[in-house]
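Undergrad: One structure is given below, represented as structure tokens, and several questions about it will come after.
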Amino acid sequence: MNRLTTRMSDTPRILLHNSETARFAQALTSRFQDIEFCECKSYEALLKAVADFRPDIVYSVRFAGTPAFPREALFAPNGPVWVANGGAGTDHFGHWDTARVTVTNAAGVAADMMAEYVIGGFLHFTLDVPGLLADKAAHRWQTRTVRPLSGGTLLVIGLGHTGQAIATRAKAFGMHVIGTRARPVAMDGVAEVHAADALPGLLPRADFIAVATPLTPQTHGLLGPAEFRAIKPGAVIADVSRGGVVDQSALIAALTDGTVAGAALDVFETEPLPQDNPLWQMDTVLISPHCSSVYEGWEQASFELFLANLQRWMTGETLTNVVDPSRGY
């Protein structure tokens, strides 16, 4: 029995960790009148807040990047027994002892929006939006050739919540969808679901590639030099996973030699992307600052998911979206 189950009957002490907490505190107290809570609005203050308040539960959002995230405050021996991550990815937490602390995430909250980003990224290149904008700036009337999504093969790397949402939209465009998953099972909208280790044989078949897998020790550098050599020339990539899944140097080389015709990138090995990074200068790259999941209302949707889980805690039910640190989801 872990600390989570032994303390379920107590009135929990909850720490809200975000850059803005007032509206979440209001939502919390309107739903649960007898809750004890405190608010922490910075990375720097989290360690002291945990030590002083001794929360049972921390709801935490990674609001100021990964490198400085104070994970030690959450996973110290006397830390909380439940950490509710406001986003989907938990790579900023590193590894944790599941016998001492339970981690949940908000997987699925932004899946639809991220799927729209991926399809939008593909259309950016298939409709030659960069060329059209260049012609507009030059007041140049020039016929251009567009490329259909319909009939193309899309490889989705990581058929979780986001990957499945991508597949649904891709099928609506008439694409043939194949994909990988740690535990392959048949899925609506996906013609072929393969195990993760089948990736090398799938890459040469793909006209489009969507990267939507969590960052784990197993997926770090998943698309490296050998994988880019296997990719079908002219493929278009959209990456909404985490920086580090795609080897950035290998991607730059593939963009330079034309193997990859276009890349819509929302995540990078170093964020913010350094000013001297070659990706900034490439017309075949669409850059967004890790915002494919940021839409009006996403934080509220994430917090509502947390409140529903908190209700389960209060009634002794099993929490949803529990993360296995060895798998990263």
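The values are calculated or read from the model by the stated rules, or taken from the named source; none is laboratory data. It should be emphasised that the depicted structure is a prediction, and the values quoted were computed from it without experimental measurement. Cβ placement follows ideal geometry from the backbone for every residue including glycine, while neighbour counts extend to all protein chains displayed. Protein only, heavy atoms only, side chains kept; ligands, DNA and RNA dropped before computing areas. Shrake-Rupley method; radii C 1.70, N 1.55, O 1.52, S 1.80 Å.
Undergrad: Got a sec? Which of Leu310, Leu319, Leu279, Leu305 is in a loop (DSSP other than H, G, I, E, B) and surrounded by 15 or more Cβ atoms within 10 Å (Cβ to Cβ)? Spell out the reasoning first.
TA: Details: Leu310 fails: in a loop (DSSP other than H, G, I, E, B); Leu279 fails: in a loop (DSSP other than H, G, I, E, B); Leu305 fails: in a loop (DSSP other than H, G, I, E, B).
Result of the check over Leu310, Leu319, Leu279, Leu305: Leu319.
Undergrad: Then there's this: Name every residue in segment 225-243 that is touching a residue at least 60 places away in the same chain (Cβ under 8 Å) and not hydrophobic (A, V, I, L, M, F, W, C), in order of residue number.
TA: Of all residues in segment 225-243, those touching a residue at least 60 places away in the same chain (Cβ under 8 Å) come to 236, 238, 240-242.
The answer is Ser241, Arg242.
Undergrad: Which of the residues belonging to segment 159-168 are open to solvent by 60 Å² or more (accessible area, probe 1.4 Å) and without any contact (Cβ under 8 Å) to a residue 60 or more places away in the chain?
TA: Step one: filter segment 159-168 for residues open to solvent by 60 Å² or more (accessible area, probe 1.4 Å), giving 161, 164, 168.
Once the filter is applied, which keeps residues that are open to solvent by 60 Å² or more (accessible area, probe 1.4 Å) and without any contact (Cβ under 8 Å) to a residue 60 or more places away in the chain, segment 159-168 yields Gln164, Thr168.
Undergrad: Pull up segment 252-266, narrow it to residues that are open to solvent by 10 Å² or more (accessible area, probe 1.4 Å) and among the aliphatic types (A, V, I, L, M), then point me to the one that is nearest to the chain's Cα centre (by Cα). Let's see the steps before the verdict.
TA: If we filter segment 252-266 for residues that are open to solvent by 10 Å² or more (accessible area, probe 1.4 Å), which is where we start, we get 252-253, 255-259, 261.
Keeping just the survivors that are among the aliphatic types (A, V, I, L, M) gives 252-253, 255, 261.
Values: Ile252: 22, Ala253: 25, Leu255: 23, Ala261: 24 Å.
Filtering first and then ranking leaves Ile252.
Undergrad: Turning to a different aspect of this structure: Let me spell it out: the conditions are (1) open to solvent by less than 60 Å² (accessible area, probe 1.4 Å); (2) without any contact (Cβ under 8 Å) to a residue 60 or more places away in the chain; (3) in contact with a strand residue (DSSP E or B) (Cβ under 8 Å, 6 or more places away or on another chain); (4) more than 25 Å from Thr270 (Cβ to Cβ), and Ala45 meets all of them except one. Which number is the exception?
TA: (3)
Undergrad: While we're looking at this one, here's another question. How many of the residues in segment 267-276 are closer than 23 Å to Ala111 by Cβ and either loosely packed, with under 11 Cβ neighbours inside 10 Å or not charged (D, E, K, R) (or both)?
TA: Step one: of segment 267-276, the residues closer than 23 Å to Ala111 by Cβ are 267-268, 271.
Now restrict to residues that are either loosely packed, with under 11 Cβ neighbours inside 10 Å or not charged (D, E, K, R) (or both): 267-268.
Final tally of qualifying residues: 2.
Undergrad: Of all the helices (runs of 4 or more DSSP H) wholly in segment 1-108, which have at least 2 residues that are within 20 Å of Thr320 (Cβ to Cβ)?
TA: On the way: elements: 3-6, 22-31, 46-53, 71-75.
So the answer is 3-6, 22-31.
Undergrad: Run down Gly152, Gly174 and say which single residue is buried (at least 20 other Cβ atoms within 10 Å of the Cβ), more than 22 Å from Asp324 (Cβ to Cβ) and over 23 Å from the mean Cα position of the chain (by Cα).
TA: Values: Gly174 fails: buried (at least 20 other Cβ atoms within 10 Å of the Cβ).
None of the others qualify; the one that does is Gly152.
Undergrad: Here is a further query. Looking only at segment 225-247, how many residues end up being surrounded by fewer than 18 Cβ atoms within 10 Å (Cβ to Cβ) and either among the charged types (D, E, K, R) or under 24 Å from Thr66 (Cβ atoms) (or both)? Write out each step before concluding.
TA: Taking segment 225-247 as the starting set, the residues that turn out to be surrounded by fewer than 18 Cβ atoms within 10 Å (Cβ to Cβ) are 225-226, 229-230, 232-234.
In the following step, the residues that additionally are either among the charged types (D, E, K, R) or under 24 Å from Thr66 (Cβ atoms) (or both) were identified as 229, 232.
Of the residues in that region, 2 qualify.
Undergrad: Moving on. Just the residues that are touching a Ser or Thr at 6+ places or on another chain (Cβ under 7 Å) and within 13 Å of Gly158 (Cα to Cα), please, taken from segment 223-259.
TA: Of everything in segment 223-259, those that are touching a Ser or Thr at 6+ places or on another chain (Cβ under 7 Å) and within 13 Å of Gly158 (Cα to Cα) turn out to be Val240, Ser241, Val245.
Undergrad: Across segment 124-148, what is the number of residues that are of a type in the set (Gly, Ala, Ser) and either over 23 Å from Gln281 (Cα atoms) or surrounded by 10 or more Cβ atoms within 10 Å (Cβ to Cβ) (or both)? I'd like the intermediate steps shown before the answer.
TA: If we filter segment 124-148 for residues that are of a type in the set (Gly, Ala, Ser), which is where we start, we get 131, 134, 137-138.
Filter once more, so that each one left must be either over 23 Å from Gln281 (Cα atoms) or surrounded by 10 or more Cβ atoms within 10 Å (Cβ to Cβ) (or both): 131, 134.
Final tally of qualifying residues: 2.
Undergrad: Could I ask something else about it? Output the qualifying pairs, or none if there are none: Cβ atoms under 7 angstrom, residues six or more apart or on different chains, first residue in segment 51-70 and buried (at least 18 other Cβ atoms within 10 Å of the Cβ), second residue in a loop (DSSP other than H, G, I, E, B) and among the small types (Gly, Ala, Ser).
TA: Tyr59/Gly86; Ser60/Gly86; Val61/Gly86; Val61/Gly87; Arg62/Gly87
Undergrad: When the residues of segment 282-295 are filtered to those that are open to solvent by 40 Å² or more (accessible area, probe 1.4 Å) and more than 17 Å from the chain's Cα centre (by Cα), which remaining residue is farthest from His124 (Cα to Cα)?
TA: Applying the filter and picking the extreme gives Asp283.
Undergrad: Being within 14 Å of the chain's Cα centre (by Cα) and hydroxyl-bearing (Ser, Thr, Tyr) is the filter here; which residues of segment 155-171 pass it?
TA: Within segment 155-171, Thr162 is the sole residue that qualifies.
Undergrad: Check Gly328 against each of (1) assigned to a loop (DSSP other than H, G, I, E, B); (2) open to solvent by 40 Å² or more (accessible area, probe 1.4 Å); (3) at pLDDT below 95 and name the one condition it does not meet.
TA: Looking at each condition in turn, Gly328 falls short on (2).
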